[in-house]
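Below: one structure, written as structure tokens.
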Amino acid sequence: MIDIKRSFLPRGEIVELNKIVLGNLFEWFIQGVYDERDTQKQFVHIFYKNDRPSSPHFPIIKPILDRLDIKKLMRVKLNLLTKTNEIVEHDYHKDSESSDALTSILYLNTNNGYTRFKDKNIKSEANTLITFPSATFHSGTTCTDEGFRLVLNIVYKAF
């Protein structure tokens, strides 16, 4: 089951978050979409992994995390996929094998990219949060109508 929440953050918070992550002082790293051997690349910023914050910018996502029912945070990653001439659908994957983990994806900009599931696609609409079991096969895409697709991916165990 996929839960969809529109207008997840107050407008001022989503605007401020975008201002920071798209600013000149925010670090981005190039990574394969799935792993370092992947030829499909994206820009990423990892806020949290290995049971601890991994970014000095971790405090900027605290208001988002505070709105989720998190018992144990597993990973928080920001993905930026650049515009392509045609939408590229990436391969299906699971964010976790854990049966009690959830994934929440917060779309930070509106574009014609989407999160793809076996039976439906969820369009990237700014300030929309989708939540689903992390063991669910899904994939992301690029976009063709904006300069980039920007999504925050949060993997956690809920209370």
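Do we find a residue being in a strand (DSSP E or B), at pLDDT 95 or above and surrounded by 19 or more Cβ atoms within 10 Å (Cβ to Cβ) anywhere in the stretch 84-101?
There is at least one residue in the stretch 84-101 that is in a strand (DSSP E or B), at pLDDT 95 or above and surrounded by 19 or more Cβ atoms within 10 Å (Cβ to Cβ).
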Practice task
Identify all residues within the stretch 111-135 that are of a type in the set (S, T, N, Q), in a loop (DSSP other than H, G, I, E, B) and crowded, with 17+ Cβ neighbours inside 10 Å; write none if there are none.
Solution key: N111, S124, N127, S134
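The values are calculated or read from the model by the stated rules, or taken from the named source; none is laboratory data. Since this is a predicted model, take the numbers as computed values, not measurements. Methodologically, a virtual Cβ is constructed for each residue, glycine included, from the backbone with ideal geometry; neighbour enumeration extends over all protein chains shown.
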